[in-house]
Amino acid sequence: MISNDASLTAKLEAMIPRGLDDIIRKNREHCQIRHATDADLSPLLGEVPAAYPKLVITNWHLVSIEAAGEYKVVLLGDICDGSGNTWITSKITRLDLQSGYLLTASGSLYMMATKGEGEPTFEQLALLCVYFNRSDYGRYFGVPEFFY
């Protein structure tokens with residue numbers, strides 16, 4: 001029988017990240033995740049020629065990740081195909097905010113549709129947790145254990 005114990009519910013809810021700042025829970029002095037600032041984006045800005053993108057991403061967020069001496073900005077958002085699936089890119093190498101296109105370290109071209117507001121959705125935060133947990137960093141930084 002499943003208990004309706006309030007303390008169990010509270011413990012389960014505490015495991016779910018509420019925002020970007022709630023993903024890293026240990027060794028926070030060695031890792032920072034935040035919405036990318038103008039200073040983060042400035043070195044990436046430049047023209048990206050329009051072409052057929054790998055994916056169109058909607059409800060997107062540009063996220064800065066600084067961990068273990070490495071720094072990158074990634075695009076986190078929803079695939080614009082009606083599937084409801086979320087996506088995270090590899091490191092952005094060139095960003096064109098005027099055209100809405102970006103290039104990544106893997107050589108992929110993405111198009112950014114509607115920008116997300118506020119914090120990423122639960123599904124996007126969970127995907128970011130998966131991203132960290134697929135590397136050695138997840139456990140070290142106390143990232144909630146979402147897998148799929």
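Structure values in brief
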item	result
Residue, nearest to Lys54 (Cα to Cα), within segment 99-148, restricted to residues that are in a strand (DSSP E or B) and out of contact with any Lys or Arg (no Cβ under 7 Å at 6 or more places or on another chain)	Met111
Which listed residue is surrounded by 14 or more Cβ atoms within 10 Å (Cβ to Cβ) and under 13 Å from Asn59 (Cα atoms), from Gly118, Gly77	Gly77
Given (1) without any contact (Cβ under 8 Å) to a residue 40 or more places away in the chain; (2) farther than 21 Å from Leu125 by Cβ, index of the condition Gly46 fails	(1)
Among the candidates Leu109, Leu103, Leu128, Leu95, residue that is under 13 Å from His35 (Cβ atoms) and among the aliphatic types (A, V, I, L, M)	Leu128
Single match in Ile24, Ile65, Ile33, Ile57 (criterion: within 21 Å of Gly118 (Cα to Cα), of a type in the set (A, V, I, L, M, F, W, C) and part of a loop (DSSP other than H, G, I, E, B))	Ile24
Those residues of segment 71-96 which are more than 15 Å from the chain's Cα centre (by Cα), in a strand (DSSP E or B) and either aliphatic (A, V, I, L, M) or closer than 22 Å to Phe146 by Cβ (or both), in sequence order	Leu95
Conditions (1) at pLDDT below 95; (2) among the aliphatic types (A, V, I, L, M); (3) under 17 Å from the mean Cα position of the chain (by Cα): number failed by Met112	(1)
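Residues are listed down the side, and each one gets a yes or a no for (1) over 26 Å from Phe141 (Cβ atoms); (2) among the hydroxyl-bearing types (Ser, Thr, Tyr); (3) in contact with a helix residue (DSSP H, G or I) (Cβ under 9 Å, 6 or more places away or on another chain); (4) modelled with pLDDT of 95 or more:
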position: Asn59; (1), (2), (3), (4): no, no, yes, yes
position: Lys72; (1), (2), (3), (4): no, no, no, yes
position: Leu75; (1), (2), (3), (4): no, no, no, yes
position: Ser83; (1), (2), (3), (4): yes, yes, no, no
position: Ile88; (1), (2), (3), (4): no, no, yes, yes
position: Ile92; (1), (2), (3), (4): no, no, yes, yes
position: Leu97; (1), (2), (3), (4): yes, no, yes, yes
position: Gly100; (1), (2), (3), (4): yes, no, no, yes
position: Ala105; (1), (2), (3), (4): no, no, no, yes
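The values are calculated or read from the model by the stated rules, or taken from the named source; none is laboratory data. Remember, predicted model here, so these are calculated numbers, not experimental data. Using ideal geometry, Cβ is built from the backbone for each residue, glycine included, and neighbour counts are taken over all protein chains shown.
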